[in-house]
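What follows is calculated from the coordinates using simple rules that are stated; it is not laboratory data. Remember, it's a predicted structure, so these values are computed and weren't measured experimentally. Counting neighbours? That spans all protein chains shown, and the Cβs are built from the backbone with ideal geometry, glycine included.
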Amino acid sequence: MRALGAAGVGVLWALLVALVPGSASELPTVIQEPIKSESALLKPKVMIAIVARNAAHSLPHYLGCIEKLEYPKERIAIWAATDHNVDNTTAMLREWLKRAQHVYHYVEWRPMDEPRFYTDEWGPKHWPPSRFNHVLKLRQAALKAARERWA
């Protein structure tokens, strides 16, 4: 494609003025802003909800993964709930949260020591309707806390 000379640009301008109704003075002026260098924006704020039950065997690995996240800790809030445990989950999570509260933006702890099981469950891996309802209530509480915390 050939480059347009000054005469070619003038012809294009004349055609544009002829095609656009009204006078040329009514045409909007395009203002070019100077290109800004990329700014260092803050990462989005996030809340990690931890709902743990009888997870002492895998909790160190899970919490280690949270610690290793390449994300600014001051932009992370932790919401943790645990209940119905027959193992050491509550104590392990409590100790980790004590250390984490000085590193992360916000830490909320919701333990429930009693009861240790649901009345209608057959064992620790059984999911009766009462357990589903309880986990959904915990999820809603975590979402509400996230909205209120970062509002």
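Looking only at residues in the range 70-110 that are surrounded by fewer than 13 Cβ atoms within 10 Å (Cβ to Cβ) and of a type in the set (Val, Ile, Thr), which one is farthest from LYS43 (Cα to Cα)?
VAL86
Only one of these conditions is not met by TRP150: (1) touching a helix residue (DSSP H, G or I) at 6+ places or on another chain (Cβ under 9 Å); (2) over 16 Å from ASN54 (Cβ atoms). Which number is it?
(1)
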